1. Tell me yes or no: at least one residue of region 242-257 is at pLDDT 90 or above and either over 22 Å from the mean Cα position of the chain (by Cα) or surrounded by 15 or more Cβ atoms within 10 Å (Cβ to Cβ) (or both).
2. Considering Leu16, Leu24, which residue is under 28 Å from Leu138 (Cα atoms), not in a loop (DSSP other than H, G, I, E, B) and not small (Gly, Ala, Ser)?
3. Looking at region 1-13, which of the residues that are more than 12 Å from the chain's Cα centre (by Cα) and either of a type in the set (Gly, Ala, Ser) or part of a helix (DSSP H, G or I) (or both) is modelled with the highest pLDDT?
4. Hey, any hits in region 114-132 for a residue that's assigned to a helix (DSSP H, G or I), in contact with a Gly (Cβ under 9 Å, 6 or more places away or on another chain), open to solvent by 30 Å² or more (accessible area, probe 1.4 Å) and not aromatic (Phe, Trp, Tyr)?
5. Identify all residues within region 179-211 that are among the small types (Gly, Ala, Ser) and open to solvent by 10 Å² or more (accessible area, probe 1.4 Å); write none if there are none.
6. Would you check if Leu70 is assigned to a helix (DSSP H, G or I) and in contact with a Ser or Thr (Cβ under 8 Å, 6 or more places away or on another chain)?
7. Among the residues in region 144-153, are any in a loop (DSSP other than H, G, I, E, B) and either under 17 Å from the mean Cα position of the chain (by Cα) or surrounded by fewer than 19 Cβ atoms within 10 Å (Cβ to Cβ) (or both)?
8. Could you list, in sequence order, the residues of region 159-179 that are assigned to a helix (DSSP H, G or I) and among the polar types (S, T, N, Q)?
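The values are calculated or read from the model by the stated rules, or taken from the named source; none is laboratory data. Note that this is a predicted model, so its numbers are computed, not measured. Heads up, the Cβs are rebuilt from the backbone with ideal geometry, glycines too, and the neighbour counts pull from every protein chain shown. Ligands, DNA and RNA are excluded from the accessible area calculation, which covers all protein heavy atoms including side chains. Shrake-Rupley method; radii C 1.70, N 1.55, O 1.52, S 1.80 Å.
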Amino acid sequence: MAAPMELSCWGGDWGLPSLHPESLTVMAYAKFSGAPLTLNTINSSWRAPKGDVPVLISEDIVISQPAKILNFLRKQKYNADYELSAKQGADTLAYIALLEEKLLPALLHTFWVEAENYCSVTKPWFASRIAFPLSLYLPGKMSREALNRILLTRGGPPLYSLTEVEAQIYRDAKECLNLLSKRLGTSQFFFGDTPTTLDAFVFGFLAPIYKVCFPRVQLQEHLKQLPNLCRFCDDILTCYFRLTVSGNSPGGQDMADANLQKLTQLVNKESNLIEKMDDNLRKSPQHPPRKLTTLKLAAGGEESPLSRLSP
């Protein structure tokens, strides 16, 4: 019997199972390969082992980073790439490197560096899912790490100012999206009718750009001009996560309405109970507050054992 596997990851919103690209990549691969992962949505990455998200835990084994997690799943016989040729395997590595070099900097900038997006969407969303007082510090830390990563990888000569870096990373990201769109063409997935590792990585990078409602959306606007990539994301959400394009599971609206009705009834019931308790308290006789009894000290200035028992 296979050991149970638990994946710790950030939660989702806007119709996505997770807003975190790395978490989304691992979750998609697990769906494609049939790996039975138990999801554990965490509130703070500091609570995860090694401080990294996502984290896969299987018995006493702890693994972080998507590439290492996917390798572990393959060793457990959950392989989404078993039908790929050697050339397709090489193409997979090349396109993943392209995503990380060309698209990831713009994705990080959209979420964590673009001031309006960060202040109105990213920071409030993550802060609301992190316990106080870490909620005051952790989003800012993640923002600084994203900016440092962008500058470290893309801030060298001849790009000396942040404005120049921003312009370049968005040009590169749009070029990357165009290449992905051309490679996908009219196919359902990048290597035919079966999703693979490359599809998991592309979905993990594209879905947050596609779905999250940001005030500054230049990358999202470009993505929506490539209908085959949008259809690619919608198909995976529908087929593998059972989410509709609007982000609700089939029958989810009826369930949400039922849950809302139950919650409303519960709130009304609790309100009536509180009102009754308040009326009973007002009608009950009121007792004056008890006076504190002065402790009597035994000889030597120590408290007498009997005085501890006196009311």
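1. no
2. One residue alone meets the criteria, Leu24.
3. Checking each candidate, the answer is Ala3.
4. Yes, region 114-132 contains a residue that is assigned to a helix (DSSP H, G or I), in contact with a Gly (Cβ under 9 Å, 6 or more places away or on another chain), open to solvent by 30 Å² or more (accessible area, probe 1.4 Å) and not aromatic (Phe, Trp, Tyr).
5. Those that are among the small types (Gly, Ala, Ser) and open to solvent by 10 Å² or more (accessible area, probe 1.4 Å): Ser181, Gly185, Ser187, Gly192.
6. Values: assigned to a helix (DSSP H, G or I): yes; in contact with a Ser or Thr (Cβ under 8 Å, 6 or more places away or on another chain): yes.
In short, yes.
7. No, there is no match, as no residue in region 144-153 is in a loop (DSSP other than H, G, I, E, B) and either under 17 Å from the mean Cα position of the chain (by Cα) or surrounded by fewer than 19 Cβ atoms within 10 Å (Cβ to Cβ) (or both).
8. Within region 159-179, the subset assigned to a helix (DSSP H, G or I) is 162-179.
Result: Thr163, Gln168, Asn178.
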